[in-house]
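Working notes, beginning with the structure itself.
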Amino acid sequence: MIRTFYDEMYDVDGAVRPHYREFARWLGEAPPELLAQRRREADLLFHRAGITFTLYGDEQGTERLIPFDTIPRSIPASEWRVVERGCIQRVKALNMFLADLYHGQRVIKAGIIPAEQVLANEQYQLAMQGLNLHRDLYSHISGVDLVRDGDGTYYVLEDNLRTPSGVSYMLEDRKMMMRLFPELFAAQRIAPVDHYPNLLLDTLKSSSPLDNPSVVVLTPGRFNSAFFEHAFLAREMGVELVEGADLFVRDDRVFMRTTDGPKAVDVIYRRLDDAFLDPLAFNPDSMLGVPGLLSAYRSGNVVLANAIGTGVADDKSVYPFVTDMIRFYLDEEPILKNVPTWQCRKPEELSHVLANLGDLVVKETQGSGGYGMLVGPAATAAEIEAFRARLKAKPHAYIAQPTLSLSTCPTFVENGIAPRHIDLRPFVLSGRETRVVPGGLTRVALREGSLVVNSSQGGGTKDTWVVED
Amino acid sequence: MRLSISHETTYHYDDQVRASIQYLRLTPHDSERQQVLSWQLSLPRPVRAQVDPFGNILHVLTMDEPHEAIVIGARGQVEIDEKREAEHESQSSLPFLRFTRLTEADEAIRAFAARQTKKRTDRNALIDLMQALNQHIVYTPGSTAVDTSAAQAFANGAGVCQDHTHAFLACARSLGVPARYVSGYLYSDSSEHLASHAWAEAWIDDAWYSFDVTNQLAIPERHLKLAVGLDYLDACPVRGMRRGGGCEQMHAKVVVSDSAPVATPVVQMQVQRQS
């Protein structure tokens, strides 16, 4: 099957798109030795800064550098404004959905989504039922994963409303590009992203009804794959980075142990999954959480960002309903499209999926990070048969989508420059207002033809530019 | 029937405990079949009551002064409407369809549930299931531990009330029937079964019906409900953590009697299991 890919830099006739002209001219003039030297410099700087990513499923448990590609992904500002509005619209609707689900459940009564789909979902948290949150916000920090099909149309691949990661790479990639190629930033207007930590702190503070709440970042610890990011964001915001053992609960209030004695904590930016937050309420084996945290939270004495129970809204089995949620809550047409999705729990859709496994992408509804998925066109016959058995055994655990062609962007590879597939994760901050820093994190699949961009699966990153056109 | 309860739990530690925290679900609330006439918790320090995610009354006791023992007392009187078989509730029962680690239904449990009920899900079918489980998992004190799962107890064919209940929940949920764990007290004139007890409730015809697998009772005539949840971990009377303290010895004394509170100890437990 022949696929046509949308290339971010070149149009179908091979001409450079207008928003890439400045960069293409510079690239054409830059001596290859200089580019090679700058790339080596970038590798060295990233190593020195300790920007690494721990790989799961790797027997050595190695920390690995996420490859950084020096050719940026560029988006014209006019196009970005549509994407931005689409992301804001989507996250607003998802927050309204969560508030509704944990209160009146209008969305179920109106028949938009089946009750069993959400209420029997493992990610639906009874602990949130009837609990009122400041500003009715559940997902303060959201990541919306976008891809572009053959004609350049943007699609939402998934929403990330639990503990979306990657923003530190967005910030470090920009710093690196400005350091290595300052001339590029002088030649054109590229929207800045370095105010993200300020916006994040502002968002976290506005999540509390208090005037000047004390904020901490709660990390599972240095063995977590995103520990670098937790430390990075705490430092950039100028707040404490804590582990569960640094916090304790007394009389439904959360305190941090400090050398000056206990200090009250009002907002916790937690990078820890729901199940590990409080060993007395959730997973009893969790050594990472804070005993009593749920009682303090439910008493309204501390804010968790994101809230508990957001996972029910970004579950892949709920994803097909998001466009209807936008219509239902906002009375607007969705700006960004959903990828058509077959729900394997429905027998008629399952039989379609089983008959077309070779053409489809099949994902676990609870999976993330590109683990446990099948990319039909790239799989061997044996892999497809093995997956067929898993799918038949637990159909409700899977959804399937057509294989999108994913846009490409020129990327440095072993033998020069070649197109590689990319995606985009803008970060949406919901507080007093809903905001997005221009661009986001662009991930690139470095293997030729690969459609999996996750860093755990050998993906790299690129600086993402929003260029005034 | 009017039940009087006196439940005292004492923790002794070999070393000083630097800090401890306990989630206590030791206070019943009014419902269609029980009316709390009086209830009192005695705790080492005053604690405000709150309502937990399942609607249970929860006290969170935090102690951050060094201590070597904790005594937790609960006593009161509750009037039970013996004739009421089911209880209604406005909250959706659907969250009680999900499995937990302790109530996961493996192939053996699924097959057993389907065979015993012939895949029917009415009350009589579930009563058949309750009796079959009682036969299959033989009541054997000491055969399991607090973290034994339904599948383990089912495979070993032995357990106590907690295991009976978990196995029933796994079976019911595998049939698509919402079911929940109930922790409470049982009045018994024999001393064969302990007074702190666990049983199950299943959602049939828009109401919660009781299934006490251990005693093969489908009408909760001698049962005082303390708390409900997805499994033992959500509903158990005491769940706590501490820093320091070394080894722990725990003594619990429960007295359940009908009418006036004439206290004669029915049972002494070394470990607070729900039997």
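Just so it is clear, none of the values below were taken in a lab; they were calculated from the coordinates. Note that this is a predicted model, so its numbers are computed, not measured. We place every Cβ from the backbone using ideal geometry, glycine too, and count neighbours over all the protein chains shown.
Observations on the model:
- Rounded to the nearest 20 debye, the dipole size of the range B:86-234 about its Cα centre is 400 debye, using +1 on the Cβ of Lys and Arg and -1 on the Cβ of Asp and Glu.
- Candidate cross-link partners of B:Lys225 among the lysines, defined by an alpha-carbon separation under 21 Å and a same-chain spacing of 8 or more, comprise B:Lys83, B:Lys253.
- In terms of overall dimensions, the range A:202-241 has a Cα radius of gyration and Dmax of 11.4, 35 angstrom.
- Share, in percent, of DSSP beta bridges within the range A:195-305 that are antiparallel, nearest 5: 40
- Cβ charges +1 (Lys, Arg) and -1 (Asp, Glu), total dipole of the protein assembly as shown, debye: 80
- Relative contact order for chain B, counting Cα pairs under 8 Å that sit 6 or more residues apart, in percent: 28
- Each peptide among B:1-13, A:385-397, A:27-39 gets the average number of other Cβ atoms lying within 10 Å of its residues, and from highest to lowest they stand as B:1-13, A:385-397, A:27-39.
- Take every DSSP beta bridge whose two residues both sit in the range B:86-234; close to 90 percent of them are antiparallel.
- Aspartates and glutamates whose Cα lies under 18 Å from that of A:Lys263, excluding same-chain neighbours fewer than 8 positions away: A:Asp211, A:Glu240, A:Glu243, A:Asp246, A:Asp251, A:Asp252, B:Asp64, B:Glu65
- Placing +1 on the Cβ of every Lys and Arg and -1 on the Cβ of every Asp and Glu, with nothing else charged, gives the range B:179-228 a dipole about its Cα centre of roughly 180 debye.
- Under the span-like rule (Cα at least 27 Å along the axis, Kyte-Doolittle mean at least 1.0), DSSP H helices of chain B: none
- Potential lengthening between B:Ala108 and B:Cys247 on full extension [0.36 nm per residue; Cα-Cα distance subtracted]: 46.3 nm
- Gaussian network model of chain B, springs between alpha carbon atoms under 10 Å - residue of B:Asn215, B:Asn134, B:Asn56 with greatest fluctuation: B:Asn215
- Stokes-Einstein D (µm²/s) once Rh is taken as the Kirkwood radius of chain B over alpha-carbon pairs, at 37 °C in 0.692 mPa s: 173
- With the charge dipole of the range A:340-403 set up from +1 on Lys and Arg Cβ and -1 on Asp and Glu Cβ about the Cα centre, the Cα lying farthest toward the positive end among the listed residues A:Ala355, A:Ala397, A:Ala382 is that of A:Ala397.
- In range of the label at A:Arg81: residues from the range A:424-441 whose backbone nitrogen is under 20 Å from the point 7 Å along Cα→Cβ: A:426-427, A:434-440
- Between B:Ala49, B:Ala202, B:Ala158, the residue with the greatest mean-square fluctuation in the GNM of chain B (Cα pairs under 10 Å linked by springs) is B:Ala49.
- Listed residues A:Leu204, A:Ile141, A:Asn454: farthest to the positive end of the dipole of chain A (Cβ charges): A:Leu204
- Chain A, relative contact order in percent, only Cα pairs under 8 angstrom and at least six apart counted: 24
- Antiparallel %, DSSP beta bridges [both residues in the protein assembly as shown], to 5: 85
- In the distance distribution for the range A:340-403, Cα-Cα pairs more than 15 Å apart total 40 percent.
- Over the range A:195-305, volume per residue of the alpha carbon convex hull, in Å³: 102
- Summing Lys and Arg as +1 and Asp and Glu as -1 over all other residues whose Cβ lies under 9 Å from the Cβ of B:Gln22 gives a net charge of +2.
- Lysines whose Cα lies under 19 Å from that of A:Lys175, excluding same-chain neighbours fewer than 8 positions away: A:Lys462
- A quarter of the convex hull surface defined by the alpha-carbon atoms of chain A gives 23.4 nm² as the mean projection.
- For the range A:240-329, alpha-carbon Rg relative to the globular expectation (2.2 N^0.38 Å, N residues): 1.29
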